[in-house]
Amino acid sequence: MNRPPAVLWIAVVLLLLVPTAAGRLLLDLAGGVLLALLALPLILSGLGWIGWKLLQSRMISCTACGATGLKGAGVCAVCGTPYPSAGENPASAAAPSTPASDLTIDVVAQDVDSDS
């Protein structure tokens, strides 16, 4: 294996230790590379979050089964129910609405004596 000579390593160390323009350039370059490596995960996670939010904005839920699909699809891929069109209210595409008073359960509290 070809190893670089010791003189080359000594020259690199001297460039780093001696306050010359070349030593300063090497230190600045190493600092920039280190900063880029540390910032890269933050940048990638930010881009991933933006991509996820963009994908979520292009999804629509089926009113019948609750599965999600892309907005451009005409029908649900799971159950085949047509998606509401752009101008249509999603609530009106579902089953006819029933008043909430017909769906609630009235609960009456009673006292129970347990004398056993």
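The values are calculated or read from the model by the stated rules, or taken from the named source; none is laboratory data. As the structure is a computational prediction, the values presented were derived from the model and not from experiment. We place every Cβ from the backbone using ideal geometry, glycine too, and count neighbours over all the protein chains shown. With ligands, DNA and RNA removed, areas are computed over all heavy atoms of the protein, side chains included. Shrake-Rupley method; radii C 1.70, N 1.55, O 1.52, S 1.80 Å.
Of the labelled figures (1) 33.7, 100; (2) 28.8, 100; (3) 13.4, 41, only one reflects Rg and Dmax of the Cα atoms in Å as derived from the coordinates, namely (1).
Against the chain, whose longest principal axis comes from its Cα atoms, helix 21-57 is set at around 10 degrees. Rounded to the nearest 20 debye, the dipole size of the chain about its Cα centre is 1420 debye, using +1 on the Cβ of Lys and Arg and -1 on the Cβ of Asp and Glu. Mean separation of Cα pairs under 8 Å and 6 or more residues apart, divided by the residue count, gives the chain a relative contact order of 10 percent. Overall, the accessible surface of the chain at a probe of 1.4 angstrom is composed of carbon and sulfur to the extent of 67 percent. Helix 6-17 and the longest principal axis of the Cα set of the chain meet at an angle near 70°.
When the chain is described by a simple charge dipole with +1 on each Lys and Arg Cβ and -1 on each Asp and Glu Cβ, the residue from Thr104, Ala73, Ala39 located farthest towards its positive end is Ala39. Which residue, Ile105, Ile50, Ile60, has the most motion in a Gaussian network model of the chain that connects Cα atoms within less than 10 Å? Evaluated over the chain, the most mobile residue of the options is Ile105.
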